[in-house]
């Protein structure tokens with residue numbers, strides 16, 4: 001049996017196309033969870049269905065990742081949510097800011 005990968009999906013700008021009108025929210029305020037990106041949601045579900053360990057994470061914290069999963073209705077496809085931090089053993093991540101991910105995952109796919 002093939003071993004599964006740990007695959008992480010960023011929230012803002014990746015699962016949601018929500019940065020255009022609010023590029024830098026004030027401290028303590030999240031980007032609004034609007035404009036889901038269906039292509040990325042489908043990728044998340046595809047990885048889950050392939051047996052990968054799916055993580056939804058955010059620099060804005062675990063609560064923001066939890067809210068994103070709830071808004072998208074993908075809880076059954078997500079193994080864990082977390083704040084985005086280095087040294088999580090992530091094999092692959094999807095992120096709209098790949099230049100920030102050099103120490104976060106083995107492979108980064110820019111979106």
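The values are calculated or read from the model by the stated rules, or taken from the named source; none is laboratory data. Nothing here was measured: the structure is a model prediction, and the numbers come from that model. Virtual Cβ from ideal backbone geometry, glycine too; neighbours counted across all protein chains shown.
Computed quantities for the displayed model
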read-out	value
Selection within the stretch 72-102 - loosely packed, with under 15 Cβ neighbours inside 10 Å, modelled with pLDDT under 95 and in a helix (DSSP H, G or I)	99, 100
Where residue 91 falls short, out of the listed (1) closer than 17 Å to residue 13 by Cα; (2) in contact (Cβ under 8 Å) with a residue 60 or more places away in the chain; (3) in contact with a strand residue (DSSP E or B) (Cβ under 6 Å, 6 or more places away or on another chain)	(1)
Number of the exception - residue 51 against (1) over 14 Å from residue 11 (Cβ atoms); (2) free of Cβ contacts under 8 Å to residues at least 12 places away in the same chain	(2)
Selected residue [modelled with pLDDT of 90 or more, more than 20 Å from residue 105 (Cα to Cα) and either loosely packed, with under 15 Cβ neighbours inside 10 Å or in contact with a strand residue (DSSP E or B) (Cβ under 6 Å, 6 or more places away or on another chain) (or both)] from 63, 52	63
